[in-house]
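Heads up, the thing below is written out as structure tokens.
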Amino acid sequence: MFKHHILGTLRKDGAPRLSGLEADFRYGELWLGMLSGSRKALDLRRDPRFSLHANPGAGADLAGGDVRVSGRAVEVTDPGVIARYAAEVRPPEPFHLFRAELTEVVRTSVEAPYLLLESWQPGRPLRTVRRRSAYARLRVD
């Protein structure tokens, strides 16, 4: 997994904000770390909803697909958890740490002649949609 991604948060006025972010999986969860006092951290403290567009990797072919995750960011305040994370990741300090509670994961890829959309939400089965164009018949599995 590449570390650098694009995080979408909501500004005070409700407008979207896009920011670069390093995210990673640790302890079986998705973690979002950011500099202390950053706008994205302040956005998440005010409104924890977020979307993260994962970096698909080198090149432009999207061979492995394109992934977006959405959910709620829960700020971590437990000093022990923060210390454990800091010891492993070594982020610039001070920093904010959030644990992601996912509400949706969507993977977009190409399965010629279709655009393949696979979406998952907690408690629901995986949903797969195959699309061609606005004029072609939609196929849902």
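Worth a mention:
- Residue among Glu118, Glu93 that alone is of a type in the set (Asp, Glu) and either under 25 Å from Gly14 (Cβ atoms) or in a loop (DSSP other than H, G, I, E, B) (or both): Glu93
- Among (1) at pLDDT 95 or above; (2) among the hydrophobic types (A, V, I, L, M, F, W, C); (3) under 25 Å from Leu126 (Cβ atoms); (4) surrounded by fewer than 16 Cβ atoms within 10 Å (Cβ to Cβ), the one test that Leu52 misses: (4)
- Scanning the stretch 1-22 for residues that are free of Cβ contacts under 8 Å to residues at least 40 places away in the same chain and either open to solvent by less than 70 Å² (accessible area, probe 1.4 Å) or not charged (D, E, K, R) (or both) yields a total of 9.
- You will find that of Leu35, Leu42, the residue that is more than 25 Å from Trp120 (Cα to Cα) and open to solvent by 80 Å² or more (accessible area, probe 1.4 Å) is Leu35 and no other.
- Tally of residues being under 21 Å from the mean Cα position of the chain (by Cα) and within 19 Å of Ala41 (Cα to Cα) across the stretch 94-115: 8
- Pair list, Cβ under 8 Å, 6 or more apart: the stretch 114-125 residue within 20 Å of Glu101 (Cβ to Cβ), other residue part of a loop (DSSP other than H, G, I, E, B) and open to solvent by 90 Å² or more (accessible area, probe 1.4 Å): Ser119/Leu126; Trp120/Leu126
- Here is the figure for the stretch 67-93: residues that are open to solvent by 70 Å² or more (accessible area, probe 1.4 Å), in contact with a Leu (Cβ under 8 Å, 6 or more places away or on another chain) and either farther than 20 Å from Asp47 by Cβ or among the β-branched types (Val, Ile, Thr) (or both) total 1.
- When the residues of the stretch 19-40 are filtered to those that are modelled with pLDDT of 90 or more, in contact with a His (Cβ under 8 Å, 6 or more places away or on another chain) and not in a loop (DSSP other than H, G, I, E, B), the one that is farthest from Ala83 (Cα to Cα) is Gly20.
The values are calculated or read from the model by the stated rules, or taken from the named source; none is laboratory data. Not measured: the values here are computed from a predicted model. Neighbour counts are summed over all protein chains in view; Cβ atoms, including those assigned to glycine, are modelled from backbone coordinates with ideal geometry. Only protein heavy atoms, including side chains, enter the accessible area calculation; ligands, DNA and RNA are left aside. Shrake-Rupley method; radii C 1.70, N 1.55, O 1.52, S 1.80 Å.
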